[in-house]
Amino acid sequence: MKNKLPAAPYLVWMIVFILVPLIMVAYFAFTDKDAHFTLDYVSNVAQYTPIFVRSIWLALISTVICLFIAYPLAYILIGMNTNIQSTMLMIVMLPMWMNFLLRTYAWMALLGNNGLINALLGLVGLGPFKMLNTEGAVVLGMVYNYLPFMILPIYSVMVKIDKSVLEAAADLGCNPAKTMLKVVFPLSLPGVFSGITMVFVPAISTFIISRMLGGGGNLLIGDLIEMQFLGNSYNINLGAAISLVLMVIVLLIMTILNQFGADDDGVMVI
Amino acid sequence: MKKIFSNKFFSLTIAAALCLSLSACADHIEEEADSEEEESEVQTLTIENDEYYSRFRNKGITINVYNWGEYISDGSEENTLNVNAEFTDLTGIKVNYTNYATNEELYAKLKGGGASYDVIIPSDYMISRMIHENMLQKLDFDNIPNFKYITDTFVNPEYDPQNEYSVPYTWGTVGIIYDTTMIDIPPEEIDWDILWNEDYSDRILMFDNPRDAFAIAEIRLGYSLNTEDAKELENCADLLKEQKTIIQAYVMDEVFDKMGAGEALVAPYYAGDAVTLMDEYEDLGFVTPKSGTNLFVDALCIPAGAKQKEAAEMYINFMCEPDIAYATTSYIGYSTPNSAAFDMLDEETQNDKVSYPDNEYLNNNTTIFRNLSDEANQKMQDLWTDIKSTQDESQNKWIVPLFLVACVTLSIVIIIRRHIIRKKDVF
């Protein structure tokens with residue numbers, strides 16, 4: 001009982017800024033403009049299935065790419081001596097010191113038909129390639145922006161793996177590849193899962209990346225929700241309904257992931 | 001509709017204006033005198049009606065002004081007035097100044113409640129919508145004597161027929177910005193169909209908001225810019241869908257970068273911003289298409305629930321002072337509805353057809369947006385979502401079922417796996 005008191009401010013915070021808004025989203029999703037109960041908006045969300053599918057698909061691709069880049073990187077990082085490790089970590093964090101919008105804006109300048117990359121390719125007689133305003137550019141933007149969120153959790157779990165465990169594995173006859181597969185990988189799984197969560201969730205709901213790098217023609221769920229509030233029609237009920245469906249989908253995916261994370265060593269993900 | 005970008009452009013505007021005024025002078029000595037005169041002209045502010053403005057002095061009043069980004073002269077350039085600071089100096093009323101980026105953002109903020117503003121500057125159609133929804137207060141024009149400077153064309157506009165709620169701040173038209181080095185069609189022959197021209201495939205930009213995008217399609221199909229007819233809107237959507245295949249990107253203020261860097265060759269945009277853009281990149285040209293276009297007006301209004309109505313009216317009156325209106329229009333590049341400020345502009349600007357098209361053209365070929373019914377707005381929004389989300393359907397057909405199958409398989413695998421693990425644990 002006495003342990004609950006210090007948590008009180010956070011509890012209040014959660015209720016006011018997380019629970020109440022969630023209830024309001026649900027309330028608006030199931031009511032119409034005159035505050036009468038209706039299922040119309042939620043069932044209307046079905047017409048946006050292609051947009052949902054595309055968002056999930058692009059977020060999945062981005063998450064997988066992030067994982068494949070981040071995992072080896074984190075593994076290499078823990079092998080380095082402590083000083084270099086902290087420097088390297090700072091370099092990973094460095095882009096995050098800059099404004100998110102600016103970083104994405106910079107990619108517009110790099111990827112354009114007259115951009116830096118095409119100009120360099122032009123020097124060796126290649127291109128120009130159409131890179132900006134494609135789905136590939138959107139994925140690139142997501143990977144670039146969310147990569148640190150994958151590296152950091154994996155690294156922080158890996159760095160806690162006791163070196164003596166690895167030595168024991170070697171003593172008992174594991175080659176490095178087998179140590180990796182049988183020891184390091186299972187032990188680092190909690191980090192992998194929280195990394196996946198931290199990349200997938202923002203990636204699925206982003207709207208500014210798809211607008212800036214996708215040229216506005218690659219509509220994602222985030223764009224769709226934003227359009228309901230700041231678009232031509234001020235339709236907060238439909239916006240809330242789409243948000244609600246998105247939350248349920250994310251919750252479903254996270255539950256599936258948690259199943260994996262939970263049985264390995266009881267560490268809850270998220 | 002407005003500028004949210006660096007002030008760099010504007011310094012060039014001033015530089016260009018100074019250069020032009022310099023070259024116009026024959027005598028070298030006169031030249032210097034002239035340019036100095038021009039600088040001092042920009043700096044000073046003459047107010048005739050001092051008594052009127054001192055009414056609220058020392059009462060500790062603060063008004064909340066909510067304006068577009070980069071839509072006021074803020075003194076950040078040499079020789080320009082900081083309008084809000086001048087107002088505070090003159091009246092003793094503090095100005096709490098904040099920005100928004102779109103009419104819809106303004107609307108959402110006011111509609112959501114919790115925000116209290118004294119002066120807002122929505123555009124035409126948003127004003128009529130707000131009047132309709134009782135979100136604006138009637139102005140007391142006795143407190144706004146400077147309204148007399150507003151050009152007749154902008155008095156009693158369609159969006160505010162009795163002119164009870166709004167005082168025009170700036171106006172402009174929508175036209176086509178194009179790269180004169182790459183497009184060799186004579187300007188007088190350029191019309192909206194250039195945005196559908198396959199020769200410029202993947203080098204065309206388009207508005208990223210439904211109202212402006214639909215307006216272009218409506219002009220091409222000969223419909224009213226304020227049509228609410230579902231069938232007509234659908235035809236427009238078809239036309240825009242057809243265009244999507246050759247569009248490079250849907251953008252708003254990114255137009256500045258993309259046109260400037262030569263990424264795109266042609267884009268529809270607002271005249272005020274085109275002026276700024278053309279000052280920086282001389283290869284760019286701007287035409288207001290013959291077949292017609294949208295004329296927009298941004299006007300000062302007081303929202304319902306404003307706490308300092310009289311002080312707000314004083315602010316509105318101050319914005320109509322010739323010197324202030326002149327500072328505003330010179331700084332932001334949009335055209336002024338203030339006749340006294342217009343007279344202060346140099347002849348070149350006055351005759352500039354980009355900023356100030358002929359009255360005949362304005363009367364016959366332009367339409368001001370009116371607010372649409374909720375149904376029409378929703379219809380347009382749905383069609384727009386549809387336009388923006390159409391893609392090669394072939395790949396999408398399989399993704400849904402595949403994704404579902406993957407989810408189900410995954411769940412089954414997990415359940416079986418847990419089952420096995422539990423059995424192991426028992427022993």
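FYI, it's all coordinate maths here, none of it is from the lab. What you see is a predicted model, and the numbers here were worked out from it, not measured in a lab. Here the Cβ positions follow ideal geometry from the backbone for every residue, glycine too, while neighbour counts run over all protein chains shown.
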- Efficiency of FRET from Cβ geometry, A:Met247 and A:Phe17, R₀ 22 Å, rounded to 0.05: 0.90
- Percent of all alpha-carbon pairs of region A:58-167 at distances over 19 Å, whole number, is 57
- Note on the structure: Note: A:224-232 gets an average of partner chain Cβ contacts (10 Å, Cβ to Cβ) equal to 6
- Message: Once each part is reduced to its C-alpha centroid, what is the distance from region B:217-291 to region B:129-182 in angstrom?
- Response: 23
- Note on the structure: Averaged over residues of B:383-390, the number of beta carbons from other chains lying within 10 Å of each residue's Cβ is 5
- Message: Quick check: net charge around B:Ala264, other residues with Cβ under 12 Å of its Cβ, Lys/Arg +1 and Asp/Glu -1?
- Response: -3
- Task: Give the Cα extents of the protein assembly as shown along the principal axes, in whole Å, largest first.
- Result: 97, 67, 58
- Message: Could you sort the peptides B:121-130, B:196-205 by per-residue average Cβ neighbour count (10 Å cutoff), highest mean leading?
- Response: B:121-130, B:196-205
- Can you sort B:Arg370, A:Arg211 so the residue with the fewest Cβ neighbours within 10 Å comes first? B:Arg370, A:Arg211
- Task: Pop the C-beta distance of B:Glu78 and A:Thr49 into the FRET formula with R0 = 41 Å and round what comes out to the nearest 0.05.
- Result: 0.15
- Just rank A:Asp171, B:Asp179, fewest to most, by other beta-carbon atoms within 10 angstrom. A:Asp171, B:Asp179
- May I ask you to work out the translational diffusion coefficient for chain B at 10 °C, viscosity 1.306 mPa s, via Stokes-Einstein with Rh from the Kirkwood sum over Cα pairs, reported in whole µm²/s? 66
- Under the 7 Å Cα-to-Cβ spin-label approximation, B:Asp386 and A:Thr82 lie apart by a distance in nanometres of 6.5
- Query: Under 13 Å from a point 7 Å along the Cα-to-Cβ line of B:Lys241: which residues of region B:199-218 have their amide N that close?
  - Reply: none
- Roughly how crowded by other chains is peptide B:251-258, in terms of the mean Cβ count from those chains within 10 Å of each of its Cβ atoms? 3
- Fraction of alpha-carbon pairs in region A:49-265 farther than 32 Å apart, rounded to whole percent, equals 31
- Grab the alpha carbons of region A:1-69, take their convex hull, and tell me the volume per residue in Å³. 167
- Message: Restricting to Cα pairs below 8 Å that are 6+ residues apart, what does the relative contact order work out to for chain B? Please round to a whole percent.
- Response: 24
- Note on the structure: Nearest-0.05 FRET efficiency for B:Asp191 and A:Lys182 at R0 = 51 Å, using Cβ-Cβ distance, is 0.15
- Query: Quick one: if you stick a label point 7 Å off each Cα along the C-beta vector at A:Glu167 and B:Val413, how many nm between them?
  - Reply: 3.7
- Taking 7 Å along the Cα-to-C-beta vector as the label spot, tell me the B:Asp142-A:Ala26 distance in nanometres, rounded to one decimal. 5.5
- Exceeding the 20 Å Cα-Cα cut-off - candidates B:Lys231/B:Lys379; B:Lys231/B:Lys290; B:Lys111/B:Lys138: B:Lys231/B:Lys290
- Task: Whole Å is fine, so just give me how far the alpha carbon centre of region A:125-197 lies from that of region A:9-56.
- Result: 34
- Message: Could you sort the peptides B:220-228, B:409-417 by per-residue average Cβ neighbour count (10 Å cutoff), highest mean leading?
- Response: B:220-228, B:409-417
- Message: To make sure I understand the rule: partners must be aspartates and glutamates, Cα under 20 Å from the Cα of B:Lys307, and not fewer than 8 residues away in the same chain. Which ones qualify?
- Response: B:Asp118, B:Glu133, B:Asp140, B:Asp142, B:Glu164
- Mean separation of Cα contacts under 8 Å, 6 or more apart, over the residue count of region A:49-265: relative contact order %: 26
- Task: Just tell me, in residue order, which DSSP H segments of chain A are both 18 angstrom or longer along the helix axis (alpha-carbon based) and at least 0.5 in mean Kyte-Doolittle hydropathy.
- Result: A:49-79, A:135-158, A:185-205, A:236-265
- Task: Report, please, the projected area of region B:78-205 averaged over directions, based on the convex hull of its C-alpha atoms, in nm².
- Result: 13.1
- Message: Sorting check: for B:108-115, B:285-292, which peptide has the highest mean count of neighbouring beta carbons within 10 Å, and how do the rest follow?
- Response: B:285-292, B:108-115
